[in-house]
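Okay, so here's the structure we're looking at.
Bear in mind these aren't lab numbers, they're just calculated from the coordinates by the rules spelled out. Here the structure is a predicted model, which means the values were calculated and not measured. Counting neighbours? That spans all protein chains shown, and the Cβs are built from the backbone with ideal geometry, glycine included.
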Amino acid sequence: MSNILPESLSIPAKTLSGHGASSGLLQECRRFGSRGIILHGAALEQQGRLDALMAAMPAGLSIRTLRHRGGEPTLHEVSDVILAARHHQADWIAAAGGGSIIDLAKAAAALVNAPHPPAHYHDGEPLDEPGLALIAVPTTAGTGAEATLNAVLTNEATGAKKSIRAPGMMASVVILDPGLLNGCPKTVIAASGMDALTQAIEAFTSRNATWLSDTLSLQAVHLINAHLEAVYLESGSASAGPLLTGSYLGGIALSFARLGVVHGLAHPLGALYHVPHGAVCAACLPHAIELNRQVFGAKYDILSGAVGGDLLTRIRDLMARLDMTSPFAGKPLREKDMIVAETLASGSTRANPKPITRADVEWLLARIFE
Ligand SMILES: [Fe+2]
């Protein structure tokens with residue numbers, strides 16, 4: 001029997017959910033002070049949402065909006081947001097966007113008072129100074145970044161993609177508004193949804209799993225499996241709410257149970273081949289399940305029950321229904337030693353239920369690039 005609780009548990013202090021919940025964003029931000037930064041992507045501007053928010057701004061607020069260029073965040077971009085926050089004398093930072101935007105805002109909020117540049121903490125130095133309040137509003141159902149204690153960032157000078165992690169990085173407020181998924185590109189729905197499903201499965205089978213993470217991640221697997229295809233097929237589907245909830249629950253679970261070898265592989269493969277994170281996860285997931293299957297034990301059958309059939313068969317079927325093909329199949333494998341070394345050094349890999357060896361990583365890579 002696993003432990004009931006993890007040794008340390010941190011979750012967002014407040015979570016609002018439901019259609020239209022994002023209209024309360026500025027009221028929530030105001031609780032943390034009168035001056036703030038809103039970092040956003042295209043989704044918040046669609047259908048006039050950003051204009052409507054700003055038009056209904058509560059009296060006395062001073063807000064600077066920053067639009068992210070898109071793509072996965074870099075240390076340089078974190079520095080830019082920190083400078084903007086310091087210049088504006090911000091009390092809080094809100095992020096309305098996908099996982100990249102939330103991670104960018106999360107890192108900037110955490111590091112705004114830090115004495116060293118972001119690269120210092122990206123290299124693993126502890127972060128002691130408290131930062132600003134973070135308000136997270138996801139506009140994709142995928143990364144669970146709104147509920148985690150880390151921000152995945154790339155050092156553009158070295159190409160290294162890894163996390164900054166600190167206890168103070170948890171969002172103070174999360175707003176889950178399924179209407180914000182409307183208009184999200186289908187390829188993003190598919191890839192981010194497969195990331196969420198991978199995270200839920202890896203958290204459920206992690207060697208750090210507890211009763212609490214099992215409960216949350218199994219519900220996440222159930223919700224994502226049941227609702228991802230409907231959201232992919234129809235923008236505005238009623239399944240958007242359950243899918244967003246599944247992603248959020250998976251994020252909470254992984255924040256303390258951690259993940260597995262798929263996420264260990266995902267950072268070096270994604271950075272080297274410039275493939276979006278969710279697409280990397282989807283390409284690796286079936287092979288990692290095969291590798292881990294014996295060690296999963298009864299959890300394989302529990303996961304199969306949650307998806308309504310054999311787990312591996314269902315995942316392959318779902319990927320076909322989402323029109324996902326591997327971005328690696330048939331490609332030459334480059335820099336194998338680097339990929340193996342980074343995968344073995346990853347905290348995600350260390351949480352994998354089967355102890356991962358170099359031979360295991362090579363076995364996975366051979367199949368992923370087959
Ligand atoms: Fe992920």
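Go through the residues of the range 328-336 one by one and say whether even a single one is in contact with a Pro (Cβ under 9 Å, 6 or more places away or on another chain) and farther than 28 Å from Val188 by Cβ. No, the range 328-336 has no match at all. Residues in the range 249-280 that are more than 22 Å from Leu218 (Cβ to Cβ) and among the basic types (Lys, Arg): there are none. Scanning the range 331-370 for residues that are surrounded by 17 or more Cβ atoms within 10 Å (Cβ to Cβ), among the small types (Gly, Ala, Ser) and in a helix (DSSP H, G or I) yields a total of 1. Just one of the listed residues (Ala209, Ala279) is touching a residue at least 60 places away in the same chain (Cβ under 8 Å) and away from the ligand (no atom under 16 Å from the Cβ), and it is Ala209. With respect to (1) assigned to a loop (DSSP other than H, G, I, E, B); (2) free of Cβ contacts under 8 Å to residues at least 60 places away in the same chain; (3) surrounded by 14 or more Cβ atoms within 10 Å (Cβ to Cβ), the lone exception for Arg64 is condition (1).
Here is a check on your reading of the model: is Leu39 assigned to a helix (DSSP H, G or I), more than 30 Å from Arg207 (Cα to Cα) and hydrophobic (A, V, I, L, M, F, W, C)? Give the derivation first.
Details: assigned to a helix (DSSP H, G or I): no; more than 30 Å from Arg207 (Cα to Cα): yes; hydrophobic (A, V, I, L, M, F, W, C): yes.
So Leu39 does not fit the description; no.
Tell me whether the range 78-93 contains one or more residues that are touching a residue at least 60 places away in the same chain (Cβ under 8 Å), within 27 Å of Ala279 (Cα to Cα) and within 16 Å of the ligand (Cβ to nearest atom).
In the first step, residues of the range 78-93 are kept if they are touching a residue at least 60 places away in the same chain (Cβ under 8 Å); the result is 78, 92.
From what is left, the residues that are within 27 Å of Ala279 (Cα to Cα) are 78.
In the following step, the residues that additionally are within 16 Å of the ligand (Cβ to nearest atom) were identified as none.
Looking through the range 78-93, none of the residues is touching a residue at least 60 places away in the same chain (Cβ under 8 Å), within 27 Å of Ala279 (Cα to Cα) and within 16 Å of the ligand (Cβ to nearest atom).
Here Thr198 meets each of (1) in contact with a His (Cβ under 9 Å, 6 or more places away or on another chain); (2) more than 23 Å from Gly347 (Cβ to Cβ); (3) within 15 Å of the ligand (Cβ to nearest atom) with one exception, condition (2). Take the conditions free of Cβ contacts under 8 Å to residues at least 24 places away in the same chain and over 30 Å from Glu45 (Cβ atoms) and apply them to Thr187. Does it pass? It is false that Thr187 is free of Cβ contacts under 8 Å to residues at least 24 places away in the same chain and over 30 Å from Glu45 (Cβ atoms).
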